[in-house]
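Note sheet for the following structure.
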Amino acid sequence: MNDPFHHIQTATRLHLAEHGCGAYTFEDGPSLTTLSRSLRPDRVLELGTALGYTACCLAHGCSPAQVDTIDKDPLHLRLAARHLENAGLMDRVKLHLGSFDTVIDNLSPFYDMAFFDGFAPSPQTIERVRELLTPTGVLVCANLGLADLQSARKLTLDFNDPARWKSLPNIEAGQTLVLRKVTP
Ligand SMILES: C[S@@+](CC[C@H](N)C(=O)[O-])C[C@H]1O[C@@H](n2cnc3c(N)ncnc32)[C@H](O)[C@@H]1O
């Protein structure tokens, strides 16, 4: 599929090679755009901005969705701002500087869609994200395979609990989970 933000993905790979900062870019932006287009969210939360590649994909998929995106690295956010500005999406994307858990505590509910793309998801962070989702909001969770054993077990149990989540088709060649929140 055509990816209008491929150049940002390339810039992120170059940045990673130069800085070794861990800003691994998401591999499947077009699927994220398609998901955002089909879910038609009003508000989207992203954890892990890096250079703005996936924030662009999410915002591009659904106008006039508002995207809140979080990253702890000020350089990443400066570069992301430039990419979002060039893509004409800056008015719909708010960049938040800080650690996920700190910033999340200051965000107001509710989000229709959330995308976790930090290094590895922790059960605590995912629980906070779940609380911020609408009763039928959708969580897209990358990098479960990077979590430590205990966190991975806990999250797998949680994600497989039908009283809490309903699985939707995965993206990024099956590597990234897509889950709809279930509210009893
Ligand atoms: C995998 S990269 C995100 C890639 C981006 N979504 C993309 O596709 O281009 C992870 C990003 O999350 C940020 N990050 C990791 N852990 C974090 C934390 N606990 N709080 C805030 N930012 C964090 C890193 O600085 C990095 O930019």
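Which residues, counting only those in the range 57-73, are within 12 Å of the chain's Cα centre (by Cα) and more than 9 Å from the ligand (Cβ to nearest atom)?
If the condition is that a residue be within 12 Å of the chain's Cα centre (by Cα) and more than 9 Å from the ligand (Cβ to nearest atom), then Leu58, Ala59, Val67, Asp68 are the ones that fit.
List pairs: first in the range 61-76 and farther than 22 Å from Ala23 by Cα and in contact (Cβ under 8 Å) with a residue 12 or more places away in the chain, second assigned to a helix (DSSP H, G or I) and open to solvent by less than 20 Å² (accessible area, probe 1.4 Å), Cβ under 6 Å, 6+ apart or cross-chain?
Filtered contacts from the range 61-76: Gly61/Thr33; Gly61/Ser36; Cys62/Ser36.
Restricting attention to the range 68-91, which residues are out of contact with any Asp or Glu (no Cβ under 6 Å at 6 or more places or on another chain), within 16 Å of Thr33 (Cα to Cα) and open to solvent by less than 30 Å² (accessible area, probe 1.4 Å)?
Asp68, Leu84, Leu89
What are the pairs, 6+ residues apart or on separate chains, where a residue within the range 91-102 that is outside any strand (DSSP E or B) has its Cβ under 7 Å from a residue that is of a type in the set (A, V, I, L, M) and more than 9 Å from the ligand (Cβ to nearest atom)?
Within 7 Å, the pairs are Arg92/Ala59; Arg92/Ala65; Arg92/Val67.
Need the failing condition index for Leu168 against (1) more than 16 Å from the ligand (Cβ to nearest atom); (2) among the aliphatic types (A, V, I, L, M); (3) surrounded by 17 or more Cβ atoms within 10 Å (Cβ to Cβ); (4) more than 15 Å from Thr69 (Cβ to Cβ), just the number.
(3)
Which one of Gly137, Gly98 is at positive phi and either in contact with a helix residue (DSSP H, G or I) (Cβ under 9 Å, 6 or more places away or on another chain) or surrounded by fewer than 23 Cβ atoms within 10 Å (Cβ to Cβ) (or both)?
Gly98
Only one residue in Gly118, Gly174, Gly137 is touching a Gly at 6+ places or on another chain (Cβ under 9 Å), outside any helix (DSSP H, G or I) and not aliphatic (A, V, I, L, M). Which one?
Gly118
For the range 121-134, name all the residues that are within 13 Å of the ligand (Cβ to nearest atom) and either part of a helix (DSSP H, G or I) or under 21 Å from Gly174 (Cβ atoms) (or both).
Residues satisfying the conditions are Pro121, Gln124, Thr125, Ile126, Arg128, Val129.
So is Leu32 open to solvent by less than 10 Å² (accessible area, probe 1.4 Å) and within 12 Å of the ligand (Cβ to nearest atom) or not?
Yes: the conditions hold for Leu32.
Any residue that is open to solvent by 30 Å² or more (accessible area, probe 1.4 Å) and in contact with a Ser or Thr (Cβ under 8 Å, 6 or more places away or on another chain) - is there at least one of those in the range 144-159?
The answer is yes, given that some residue of the range 144-159 is open to solvent by 30 Å² or more (accessible area, probe 1.4 Å) and in contact with a Ser or Thr (Cβ under 8 Å, 6 or more places away or on another chain).
The values are calculated or read from the model by the stated rules, or taken from the named source; none is laboratory data. Please read all numbers here as calculations on a predicted model, not as lab measurements. Cβ coordinates were reconstructed from backbone atoms using ideal geometry, including for glycine residues, and neighbour counts include every protein chain displayed. All accessible areas refer to the heavy atoms of the entire protein, side chains included, with ligands and DNA or RNA removed. Shrake-Rupley method; radii C 1.70, N 1.55, O 1.52, S 1.80 Å.
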